[in-house]
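Below is one structure, written out as structure tokens; the observations come after it.
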Amino acid sequence: KGLITTPRISFWALILASFFGVFLGIARTSGRLLPRMIGWVYVEFVRNIPPVPFLFLFYFFISSQVIPHLDIRDGVEALEPSAKAIVETLFGPTNLIENFFSGVLSLALMAAAYIAEIVRAGIQSIPKGQIEAGKTVGLSPSKIMLYVVLPQSIRKVLPPLAGQFITLIKDSSLVALISIQELSFLAMEIAISEQRFFEVWIAVGVMYFCVCFIFALVFRRLELKWSD
């Protein structure tokens with residue numbers, strides 16, 4: 001169960017982190033001062049706080065106050081059996097779904113700061129002549145970003161984004177600290193109950209290696225495909 005939950009929570013966290021990260025990365029390269037300052041403050045705040053304090057700050061002071069009021073669990077319980085089964089396949093058991101979303105948000109907000117810097121570097125690596133060419137043909141700044149800059153940036157940011165996703169899989173072990181039943185959390189329970197710490201953690205290390213190595217190969221194939 002933990003081995004299934006770990007890639008699941010990492011996948012959704014990456015989707016959400018990519019959305020926030022792209023937005024922040026664009027803001028960091030904006031010509032306006034306010035978006036640049038917002039992006040800079042967020043990135044520097046997250047990058048200069050250790051993951052564990054950030055996780056606890058978010059979970060106990062924000063997530064624990066907001067998530068329960070969204071009535072996510074009740075909404076899932078009210079679904080038809082077929083729809084409920086799909087939701088549980090995507091997000092895990094209904095009784096743990098609120099904890100799942102808390103973990104996804106926590107990991108996503110941490111990873112978004114690093115993705116923002118990757119996106120910023122990718123955008124700034126595009127030659128100025130490309131932007132000037134877009135202005136020459138009458139494109140607006142938003143269309144230049146959408147049709148000229150971002151498509152070229154994708155090839156440049158894919159390798160570091162792949163590394164960030166693998167890092168996110170490993171960092172997902174941190175959500176065990178807020179009682180989310182992923183691989184590390186269940187491993188701790190088994191190790192304590194069975195008093196087999198060495199065997200359990202060796203097995204967990206092998207599992208993490210296999211998951212990360214498989215995704216590394218997948219991203220390597222994607223990188224080669226995009227470079228053609």
Tell me the helices (runs of 4 or more DSSP H) entirely within region 18-125 that contain at least 1 residues that are farther than 27 Å from residue 144 by Cβ and within 19 Å of the chain's Cα centre (by Cα).
33-47, 51-58, 81-91, 97-124
Are any of the residues in region 76-85 over 24 Å from residue 46 (Cα atoms), touching a helix residue (DSSP H, G or I) at 6+ places or on another chain (Cβ under 7 Å) and open to solvent by 90 Å² or more (accessible area, probe 1.4 Å)?
yes
Does residue 152 fit the bill of being open to solvent by 60 Å² or more (accessible area, probe 1.4 Å), under 18 Å from residue 28 (Cβ atoms) and either modelled with pLDDT of 80 or more or not acidic (Asp, Glu) (or both)?
yes
With criteria (1) open to solvent by less than 40 Å² (accessible area, probe 1.4 Å); (2) under 16 Å from the mean Cα position of the chain (by Cα); (3) not acidic (Asp, Glu), residue 159 comes up short on (1)
Output the residues belonging to region 215-228 that are exposed (fewer than 11 other Cβ atoms within 10 Å of the Cβ) and either within 18 Å of residue 172 (Cα to Cα) or not small (Gly, Ala, Ser) (or both).
217, 221, 224, 225, 228
Condition set surrounded by 13 or more Cβ atoms within 10 Å (Cβ to Cβ) and either of a type in the set (A, V, I, L, M, F, W, C) or closer than 19 Å to residue 27 by Cβ (or both), scope region 126-142, selection nearest to the chain's Cα centre (by Cα): answer is 126
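Here is a yes/no grid of residues against (1) modelled with pLDDT under 80; (2) of a type in the set (D, E, K, R); (3) in a helix (DSSP H, G or I):
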position	(1), (2), (3)
175	no, no, yes
181	yes, no, no
208	no, no, yes
213	no, no, yes
226	yes, no, yes
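The values are calculated or read from the model by the stated rules, or taken from the named source; none is laboratory data. Nothing here was measured: the structure is a model prediction, and the numbers come from that model. Note that we place each Cβ from the backbone using ideal geometry, even for glycine, and neighbour counts take in every protein chain shown. Surface accessibility is based on the protein's heavy atoms, side chains included, excluding ligands, DNA and RNA. Shrake-Rupley method; radii C 1.70, N 1.55, O 1.52, S 1.80 Å.
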